[in-house]
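Beneath this line is the structure, given in structure tokens, with notes to follow.
The values are calculated or read from the model by the stated rules, or taken from the named source; none is laboratory data. Given the structure is predicted, the values throughout are model-derived calculations rather than measurements. With ideal geometry, Cβ positions are generated from the backbone for all residues, glycine too; neighbour counts draw on all protein chains shown.
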Amino acid sequence: MVLVDMLTEPGKAWQYCPRDVLRRFSTILEDEFGLVMNVGIEVEFYLLKSVIKDGKETWAAIDRSSYCSTAAIDVASSVLEEVFVSLQSLNIIVEQLHSEAGKGQFEIVLEYTDCHRAANNLIITHEIIKGIARKHGLLASFMPRYYYDNVYPWYVEYSKDDVGSGSHLHISLSKNGENVSMASIEPNRYGMTKIGESFMAGVLDHLRSICLFTMPIENSYERLMPKSWNSSYLCWGVECKELTIRACCPPGAPDGVVTNFEIKTFDRSANPHLGLACIIIAGIDGLRRNLPIPDPVEPEDDVFDHNDDNDDNRVPASLRCSIIHIFSDEWFKEMLGENFLITRRGICSDEIGHYMMGRDEKYGHCVFNF
């Protein structure tokens with residue numbers, strides 16, 4: 001596999017080249033503010049085995065044990081060890097590996113690095129996991145969610161209690177190699193710096209638009225459900241895993257100090273270069289406007305039990321809603337250009353049409369291709 005830039009002629013990038021889009025906006029972030037966006041990624045996926053049921057081939061979880069079970073690691077050890085060694089040989093560092101909440105679901109946490117390398121690492125990691133699973137006679141699927149609204153494909157045995165698979169991002173900003181998101185550098189409210197606050201306030205402010213690039217298929221929106229370590233609401237909080245954006249205060253950091261932000265609205269279907277570029281675009285707006293972040297949501301707040309699909313505080317409920325939001329976002333139209341967004345709308349409209357032709361057929365595409 002070769003990762004390349006798309007050029008119209010030597011030295012001139014194609015206007016739709018994802019790698020160049022990320023490069024362009026990360027350069028603005030560095031030139032204007034002296035900042036580099038660093039990213040760590042949680043890669044979630046299911047390992048499925050082939051079984052014959054009622055004379056048909058179907059796919060079932062290789063293990064049905066609980067979250068962080070050593071039994072699950074034992075069952076998948078040959079695959080996971082080979083994945084780990086392969087990534088290590090490519091200088092992609094795995095910081096953590098464990099079984100996840102879904103049956104047969106696993107998570108690999110990739111090292112923090114600059115956004116360009118993080119995007120490349122994510123693509124390579126997906127390919128390695130897929131290829132090694134196939135080598136062992138298994139199917140690795142990163143599909144955002146199998147089961148939704150009492151509908152799931154007949155060719156996957158799946159529990160409605162199982163959670164979806166995302167690619168959660170951990171974002172921090174550095175200047176001259178130093179993490180400037182941390183409040184120990186410049187004390188501020190909520191344990192974060194003003195730089196970190198304004199950047200993430202911009203992300204929260206434009207999150208509906210960002211979703212068009214970070215959740216670009218209909219199935220992406222079925223993953224965001226209450227009580228599944230995700231959220232469908234435009235909110236943030238400190239160390240609460242049920243929110244769209246989580247301010248993280250990890251062990252080893254001073255008490256109450258935020259070192260990074262976790263963003264949940266990102267999955268395997270996203271082009272990582274475009275998705276990360278959109279986060280930078282939103283963050284730049286927050287920094288330029290010196291935007292304050294709204295008050296955090298607390299676990300006891302009623303947002304966790306609110307089910308109004310028309311609530312203005314929600315993440316878009318569908319891909320169609322994301323399209324509508326981005327075309328009403330003047331900042332994104334200015335930054336990406338209307339032609340870029342029109343092209344994106346065409347791609348996503350085809351995706352919506354394909355999904356409406358037959359949900360079962362579309363689910364099959366997602367299971368085997370993501």
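Put simply, of Ile92, Ile132 the only residue that is at pLDDT 95 or above and part of a loop (DSSP other than H, G, I, E, B) is Ile92. Listed by first and then second residue, the pairs linking a residue in the range 22-41 that is of a type in the set (Lys, Arg) to a residue that is part of a strand (DSSP E or B) and buried (at least 16 other Cβ atoms within 10 Å of the Cβ), with Cβ atoms under 7 Å apart and 6 or more places separating them unless they lie on different chains, form an empty list.
Just wondering, is there one or more residues in the range 53-72 that are over 24 Å from the mean Cα position of the chain (by Cα), at pLDDT below 90, surrounded by fewer than 16 Cβ atoms within 10 Å (Cβ to Cβ) and in a helix (DSSP H, G or I)? Within the range 53-72 (the criterion being over 24 Å from the mean Cα position of the chain (by Cα), at pLDDT below 90, surrounded by fewer than 16 Cβ atoms within 10 Å (Cβ to Cβ) and in a helix (DSSP H, G or I)), the answer is yes, since at least one residue qualifies.
Scanning the range 104-127 for residues that are surrounded by fewer than 22 Cβ atoms within 10 Å (Cβ to Cβ) and either touching a helix residue (DSSP H, G or I) at 6+ places or on another chain (Cβ under 6 Å) or of a type in the set (D, E, K, R) (or both) yields Glu107, Glu111, Asp114, Arg117, Glu127. Residues in the range 136-153: is at least one outside any loop (DSSP other than H, G, I, E, B) and at pLDDT 95 or above? No, every residue in the range 136-153 fails to be outside any loop (DSSP other than H, G, I, E, B) and at pLDDT 95 or above.
This table checks each residue for (1) within 15 Å of the chain's Cα centre (by Cα); (2) at pLDDT 80 or above; (3) within 22 Å of Ser26 (Cα to Cα); (4) assigned to a loop (DSSP other than H, G, I, E, B).
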{"site": "Ser165", "(1), (2), (3), (4)": "yes, yes, no, yes"}
{"site": "Ile185", "(1), (2), (3), (4)": "no, no, no, yes"}
{"site": "Glu197", "(1), (2), (3), (4)": "no, yes, yes, no"}
{"site": "Leu212", "(1), (2), (3), (4)": "yes, yes, yes, no"}
{"site": "Val258", "(1), (2), (3), (4)": "no, yes, no, yes"}
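Under 6 Å between Cβ atoms, at least 6 apart or on separate chains: pull out the pairs that start in the range 96-114 with a residue that is touching a residue at least 60 places away in the same chain (Cβ under 8 Å) and end on any residue that is of a type in the set (A, V, I, L, M). What qualifies is Ala101/Val163; Gly102/Val163; Ile108/Val43; Ile108/Val94; Ile108/Leu97; Leu110/Ile41; Glu111/Ile93; Asp114/Val36. Taking the numbered list (1) assigned to a loop (DSSP other than H, G, I, E, B); (2) surrounded by 22 or more Cβ atoms within 10 Å (Cβ to Cβ) in turn, Leu291 passes all entries but (2).
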